[in-house]
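Scroll down for the structure; my scribbles are underneath it.
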Amino acid sequence: MDDTYRFDDHKLIYHPRTVSRWMADEMIYPIYVELSPTGMCNHRCTFCGLDFMGYQRRSLDADLLCERLEEMGRLGVRSVLFAGEGEPFLHKHLARMIEHAHDSDMDTAVSTNGVLFGEDKALQTLKHLTWIRVSVDAGSPETYAHLHGCKPGDFHRVMDNLRSACLIKREQHLSCTIGVQLVLLPENRKEVGQLAAMVKDVGVDYLVVKPFSQHTQSNTHRYDDVHYGDLDDLQRELDPLCSDGFSAVVRERAIKSWDQGGSSSYKRCQALSFWSYIDAGGTVWGCSVHMTDDRFRYGNIKENTFEQIWTGSRREESMKFVQEQFDVSNCRINCRMDSINRYLWELKNPSEHVNFI
């Protein structure tokens with residue numbers, strides 16, 4: 001298994017200067033910001049982690065967001081992911097926002113279900129994207145429709161869109177990485193190999209298989225008792241498909257962590273200085289797991305600049321609360337900042353004999 005993109009680990013090790021400033025208690029701007037262009041979604045996935053947000057019919061104002069994106073790039077934010085509680089391509093100005101983020105010197109990415117990612121959208125966006133990841137989650141139209149809460153025809157549409165995007169990438173010699181993601185569930189376990197073969201044939205760069213992760217606020221509990229066990233056979237099934245142009249990665253560490261019920265080697269969340277989340281209403285949150293909890297709300301980009309929000313008193317109070325009071329056992333298993341937290345905790349709380357390298 002070639003985990004080139006470090007799906008099962010973290011990338012903070014590539015930012016030693018920023019980490020060094022953080023270690024010296026200097027104020028830093030986030031390396032990465034995730035934002036939700038719209039709250040609306042055209043699917044109702046059985047495993048959705050943000051269902052509690054209610055798929056609200058709200059969207060970020062494109063002109064305002066472009067202004068804030070330019071500011072974030074100027075402040076030193078390095079990357080932006082368009083994802084969130086809705087389907088990004090439902091925002092009619094997504095292509096313009098992606099282009100503006102790219103032109104503001106930030107790496108730019110999209111996480112999508114891919115149904116609306118047709119040839120026109122691919123032509124508009126691929127040249128400005130570092131990567132795009134499409135959630136497919138099944139190897140057949142029937143299972144896909146069941147898991148995504150949609151019509152089976154959407155499966156064929158997504159495959160056609162991926163094929164078209166890969167062709168555009170090749171013809172225009174673009175660098176954008178095109179990937180597919182599958183959340184491993186009892187319903188799709190037998191279709192992983194089938195999906196891998198299909199997307200390799202389509203021309204994507206990778207398939208990543210990750211475990212389900214129960215959001216603490218989700219209204220859905222149908223997968224609470226999912227247990228994966230030994231998945232060596234799954235990786236062995238996928239390995240023959242891997243080549244120089246395609247990789248299939250099973251996130252084994254995250255899967256084992258889920259089966260074990262999670263186990264934090266850190267006592268406090270240290271990662272919130274390095275990332276942030278902006279919802280479809282413009283609210284800036286310290287953590288996407290704790291949206292709706294006012295203690296994690298920093299401000300709103302409709303009311304203040306990003307700089308004012310990041311250096312403001314609400315964020316200062318929130319960070320103090322997290323460091324002094326918040327219990328990390330209340331977080332979801334496999335929080336996306338888990339690996340980063342393990343790394344940062346060890347930096348600030350090293351074991352003995354660290355100088356014997």
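Listed values, structure above:
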| read-out | value |
| --- | --- |
| Inter-label distance for ASP201 and GLU119, nm, one decimal - labels placed 7 Å from Cα along Cα-to-Cβ | 2.1 nm |
| Distance violations [Cα-Cα > 26 Å] among LYS151/LYS210; LYS169/LYS256; LYS127/LYS151 | LYS169/LYS256; LYS127/LYS151 |
| Full-stretch length increase - HIS227, ASP244 - with 0.36 nm per residue and alpha-carbon distance subtracted | 2.9 nm |
| Neighbour cut-off at most 11 other Cβ (10 Å), DSSP loop, GluC sites (Glu not before Pro), the range 12-84 | GLU26 |
| Unmatched cysteines, the chain - criterion: no other Cβ of a Cys under 4.7 angstrom | CYS41, CYS66, CYS150, CYS166, CYS176, CYS242, CYS269, CYS287, CYS331, CYS335 |
| Cα-projected label distance for GLU237 with ASP107, points at 7 Å along beta-carbon direction, nm | 3.1 nm |
| Scaled radius of gyration (Cα, divided by 2.2 N^0.38 Å) that the range 219-329 gives | 1.47 |
| Only Lys, Arg (+1) and Asp, Glu (-1) charged, at Cβ; the chain dipole about Cα centre in debye | 360 debye |
| Aspartates and glutamates whose Cα lies under 16 Å from that of LYS320, excluding same-chain neighbours fewer than 8 positions away | ASP25, GLU26, ASP293, ASP294 |
| By accessible area with a 1.4 Å probe, ligands and nucleic acids excluded, highest first: order of ASP107, ASP244 | ASP244, ASP107 |
| Reachable lysines from LYS348, criterion Cα separation under 16 angstrom, eight or more residues apart if same chain | LYS267 |
| Helical contribution to [θ] at 222 nm, DSSP H n ≥ 4, -39,500 (n - 2.57), averaged over the chain, rounded to 500 | -10000 deg cm²/dmol |
| Listed residues PRO152, GLY179, CYS166: farthest to the positive end of the dipole of the range 121-187 (Cβ charges) | CYS166 |
| For the range 1-72 and the range 80-96, distance of Cα centres in Å | 12 Å |
| Relative contact order, percent, the chain [alpha-carbon distance under 8 Å, six or more residues apart] | 19 percent |
| Total charge dipole magnitude, the range 46-97, about the Cα centre, Cβ charges on Lys, Arg, Asp, Glu only, Debye to nearest 20 | 80 debye |
| Modelled FRET efficiency - R0 45 Å, GLU26 with ARG163, Cβ distances, 0.05 increments | 0.40 |
| Heavy-atom accessible area ranking, 1.4 Å probe, most first, across LEU94, LEU116, LEU123 | LEU123, LEU116, LEU94 |
| Cα-based equivalent ellipsoid, the range 124-207: semi-axes from gyration tensor eigenvalues, Å | 24, 12, 11 |
| Relative contact order (%) - the range 1-87, alpha-carbon pairs under 8 angstrom, separation at least six | 43 percent |
| Spacing of the two label points (7 Å from each Cα toward its C-beta) at GLU324 and THR4, in nm | 4.8 nm |
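The values are calculated or read from the model by the stated rules, or taken from the named source; none is laboratory data. Being a predicted model, the structure only gives us computed values, none of them experimental. Because the Cβ atoms are built from the backbone with ideal geometry, glycine has one as well, and the counts that use them run over all protein chains shown. Accessible surface areas use protein heavy atoms only, side chains included; no ligands, DNA or RNA. Shrake-Rupley method; radii C 1.70, N 1.55, O 1.52, S 1.80 Å.
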